[in-house]
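Asker: Before we start, here is the structure in question, set down as structure tokens.
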Amino acid sequence: MALLRALLPYAERDEVLADLAEEHAERARGHGRTAARIWLWRQVLGSTPALLRRSWWRGWSGFEPRANRMRPGGSSMESWIMDLRYAARRLRTRPTYALLAVVTLALGVGGTAAIFGLVRGLLLDPLPYAEEDRLTIFWNRFDWSEAEFAHLRPEWPGFEEVAMYRQEDLPIRRGDGSPRLVSAILSSAELFDVLGARPATGRGFRAGDDLLGAEPVVVLGHGLWRELGGDPAIVGSRIDIDGLTRTVVGVMPEGFWFPDPAVRAWVATPVRPENRVGNYALVGRRPPGQSAAQTAAALARITDELAASFQYSAQWDKTKNAELTPIRESLLGGVRLPLLATLGAMAVILLIACANVAALMLGQVEGRSTELAVRAALGAGRRRLVQQLVSEAMLVGGLAGILGALLAWRGIDLLAGALPLGALAEGARADWTIFGAAIVIALVASVVVALAPITFLRRGELQQRIGRARTAGIGGHGRIESGLVVAEVALAVLLAAGAGLLVRSVANLRAIDPGVDTRDVAVLDLVRSSDVAFEVRRRQTAELLTALEALPGVRSVAATQRLPLRGSGDSWGIEVEGRPDLERSATYYRVVSRDYFETLGISLLAGRAFDASDRADGEPVVVINEALVRKYFEDEDPLGRRIATGYGGWARVVGVVEDVAEANLTDEPAPARYMSYEQVPYWPADFTVVVRADRSRDAAAVLDEARGVVTRIAPDVAVHAATTMGAVFAQALGPARQVMALLALLTGLALVLGAIGIYGVISQFVTRRRRDWSIRLAMGLTPGGVVRQVVSRGTLLVLAGAAVGLVGVVALTRLLSALLYGVEATDPATIVGAVLVLLAVGVAAAYVPAWRASRLDPATALREQ
């Protein structure tokens, strides 16, 4: 009976217990005490589950079960549920307000959740390597030779293991299918042991896989394994990669990548101790607990060993400035600033959206002033009224979170493509954490939104403030709304100033002359198997150029081993005949076809370019650029002088061309020399063909026809990429271009939201002071005077916001300094321009309600009051 007493509802307890006692006594008289006791326990045990469910439900929700409404009261959860239901009914009867508030907040929530998903995936989540804090990348990345690696390999001072690697696009073929390109890593056998990564199927590399004569092996990425059929039995099978049949020894697990998600295969490459060409990077694993002093001592031992065994020019001296870069910074450091800048911009948009929704809610509070006053008069305290407003804000936040999650889910891929993430964009995937992040961000934002109306209700005498809300001109309600607008403008100034700085920076970059004419040039990046003989490569390239020249609308065609504006590489040591005192250094070395300078529009300054007389059996010739002349032939005519070819023998200088941005657009002009591919015993497996089209044809339109020619003339040659020189130049502008476009879009959104906020506040200001304007008009104030007074109020709000925003601009725009070119982070013209844009938007937004106020009929307005 005690158990039932505790579980039974208070209002029914005595009645139920009395009925049980009466029935128990009746059964005891007719069937005996034992039978009566058994019956009683059966009733108690049979009723307990239902009573427990009722007690749990009421304890969680505060509500009595539907079967029992006799006892009033309940926990605070009941009042929250009632307020949420009431808020839902209010939103349903005010669809315009509800839709505007939800959509406005969802835009900020969705964008913030999407960029947070990228930041989490790229900057916060652990890398797919064991104990990544012990992994480091060596200095002079992609400049280490196999000879240096082989010399230090027996024992790396201060490291458990070190691996060398380089990235290449290799043609892959399985069976009789057509070749296609995959991004692959060529590495030494230690790579997976250094990374602490294990294949999901099969094995990784083992000692001896990178020896000359060893069986060629490959480890596939999970994505490539899927594309090849996803058969676990693939381990042990053979695949043709780069013209060599390789045995598949393992498949990496899903989610593994190195050094970027675009890599699909890892190939063990033979280490040749005699090869001194530097094109590898080194990754090493330090022992656990190694101190900074121990690391410095290890680097000193390595550089001492290199100095004793190798000779370096000052330009490429590895014994100087030795340093280690943490693997996270090396692989992801380039995307950190664009991601954080975009995250900051999205957070600004979210705050502006919160301010707008808060202003909308303040307007709703004003519209509910009579209702709130009545509730307060009937005994509702501030806490109860605040709870109603918070419930409404949380309901708006929840709906905005759901919509924002859908926007983030669909927008994360678009955002990844809009940011300068490169191959890392392939790792950007929407998952359920994005949905969770959107909901959390929305609920936090709803709390921020509720602060404004809560502040209004908590200040002063509640009933008096609510009673004055309908007539307050510059009172508490107006001050809170004005403060929200000031905050919106301040935040918008931050975005506008940042976007302005990037616009000017990109304009400065576009003004740089790259030395090539990027108009009307199509670009084809081609790759063939490296086992094809040099003579066959040259003959096939010549056939391709001839066939491409025959296409309609083509002016000229050329081939090159490396296209300008695509980063450094292929630098060779230089030797000038008769100059034994010349400092040992290196210049860019480019192997090109005959019409290379004409096709790319590179100006000839002296002498001649390559022509039909420059054949394999003739005297080797070389064309040099202005920078090489300035450095090596400052006081003499370079034409006729001879420079070492790099393959034994000399090449005569026959021409001088203007400087070209061979590496990066913003680099200082660097010495470069050009050799005809017909006169050197080398032509790479991967090369680039450029096609200049007539003005009558668009370069992009030539690409499809050019692809067909490649397939027909050289079916074993894979097209890695097809683009235009204009697109190459746009890519060379760097991350500032993409961040600028995204930030400009967000700035436009901020301006729209800011204009809506200013319009809303000024409109409320006009509505609250309608009687005042009517009296002033009746007393002789002209309509133009009304417009000036109202617009001046909006102008003052914008100027106040701009003043606050300028303080943040000086601090925050310095974060963009790494993306800027030719402009200071505190450039006055840009900042003033941003303020003027916001001022124009604010004046335009304030003019509409100002014009409406000037059209008031004093008699009508006074009668309504």
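The values are calculated or read from the model by the stated rules, or taken from the named source; none is laboratory data. The structure presented is a predicted model; accordingly, all values stated were derived computationally and were not measured. As a convention, Cβ positions derive from the backbone with ideal geometry for all residues, glycine included, and neighbour counts pool all protein chains shown. Accessible surface is based on the protein model in full, side chains and every heavy atom, while ligands, DNA and RNA are left aside. Shrake-Rupley method; radii C 1.70, N 1.55, O 1.52, S 1.80 Å.
Asker: On a 0 to 90 degree scale, rounded to 10, what angle separates helix 327-367 from the longest Cα axis of the chain?
Answerer: In the chain, helix 327-367 runs at an angle near 30 degrees to the longest axis.
Asker: Each residue of the stretch 549-555 in order: what ³J(HN,Hα) in whole Hz does its phi give by Karplus 6.51 cos²θ - 1.76 cosθ + 1.60, θ = phi - 60°, with x for Gly and Pro?
Answerer: Karplus values, whole Hz, x for Gly and Pro: 4, 7, 5, x, x, 9, 8.
Asker: Rolling a 1.4 angstrom probe over the protein heavy atoms, how many square angstrom per residue are accessible across the stretch 610-744? Before the final figure, lay out the partial values.
Answerer: Numbers: 5500 Å² over 135 residues.
Per-residue accessible area for the stretch 610-744 comes out at 41 Å².
Asker: Now a separate question. Tell me, what is the percent relative contact order of the chain, built from C-alpha pairs under 8 Å that lie six or more residues apart?
Answerer: Reported relative contact order: 15 percent.
Asker: I would also like to ask the following. Can you pull the percent of the stretch 572-668's accessible area that's carbon plus sulfur, 1.4 Å probe, other chains left in place?
Answerer: Here carbon and sulfur together make up 44 percent of the probe-accessible area.
Asker: Using θ = phi - 60° and the Karplus form 6.51 cos²θ - 1.76 cosθ + 1.60, what ³J(HN,Hα) does each residue of the stretch 238-252 get, whole Hz, x for Gly and Pro?
Answerer: 10, 9, 7, 10, 6, x, 10, 6, 10, 8, 6, 9, x, 10, 6
Asker: Can you sort Leu360, Leu495 by solvent-accessible area, 1.4 Å probe, largest first?
Answerer: Leu360, Leu495
Asker: In whole percent, how big is the carbon plus sulfur part of the accessible area of the stretch 96-239, probe 1.4 Å, protein atoms only?
Answerer: Its accessible area is 52 percent carbon and sulfur atoms.
Asker: With every protein chain in place, what's the accessible area of Ser47 (1.4 Å probe, Å², nearest 10)?
Answerer: 50 Å²
Asker: As a test, work out the antiparallel percent of DSSP beta bridges whose residues both lie in the stretch 604-686, rounded to the nearest 5.
Answerer: 65 percent
Asker: Order 389-397, 665-673 from most to least packed using the mean count of other Cβ atoms within 10 Å.
Answerer: Ranked by mean Cβ neighbours within 10 Å, highest first: 389-397, 665-673.
Asker: Please list, in order along the stretch 214-225, the HN-Hα scalar couplings obtained from phi with the Karplus expression 6.51 cos²θ - 1.76 cosθ + 1.60 (θ = phi - 60°), rounded to whole Hz, x for Gly and Pro.
Answerer: 6, 5, x, 10, 9, 10, 8, x, 4, x, 5, 4
Asker: Check Ala685: other-chain or 5+ apart residues with amide H under 5 Å from its amide H, H built from backbone geometry?
Answerer: Close amide H contacts, sequence-distant or interchain: none at all.
Asker: Looking at the chain, send over the antiparallel percent of its DSSP beta bridges, to the nearest 5.
Answerer: 75 percent
Asker: Only residues of the stretch 424-450 count here: report those whose backbone N is under 19 Å from the spot 7 Å along Cα→Cβ of Leu406, or say none.
Answerer: It comes to 430-443, nothing else.
Asker: Could you check the simple spin-label distance between Glu23 and Ala644, using points 7 Å along Cα→Cβ, in nm with one decimal?
Answerer: 11.0 nm
Asker: I would also like to ask the following. Stretched out fully, how many nm does the piece from Val843 to Val447 gain, at 0.36 nm a residue minus the Cα gap?
Answerer: Computed gain between Val843 and Val447 is 139.5 nm.
Asker: Can you give the FRET efficiency for Glu658 and Asp317, using 1/(1 + (r/R0)^6), R0 = 35 Å, r = Cβ-Cβ distance, to the nearest 0.05?
Answerer: Efficiency, rounded to the nearest 0.05: 0.70.
Asker: Given a Förster distance of 22 angstrom, what is the FRET efficiency for Arg608 paired with Arg519, based on the Cβ-Cβ distance and rounded to 0.05?
Answerer: On the way: r = 24 Å, r/R0 = 1.11.
About 0.35, to the nearest 0.05.
Asker: Can you give the angle from 0 to 90° between the axis of helix 432-458 and the longest principal axis of the chain, with both taken from C-alpha atoms, to the nearest 10?
Answerer: 50 degrees
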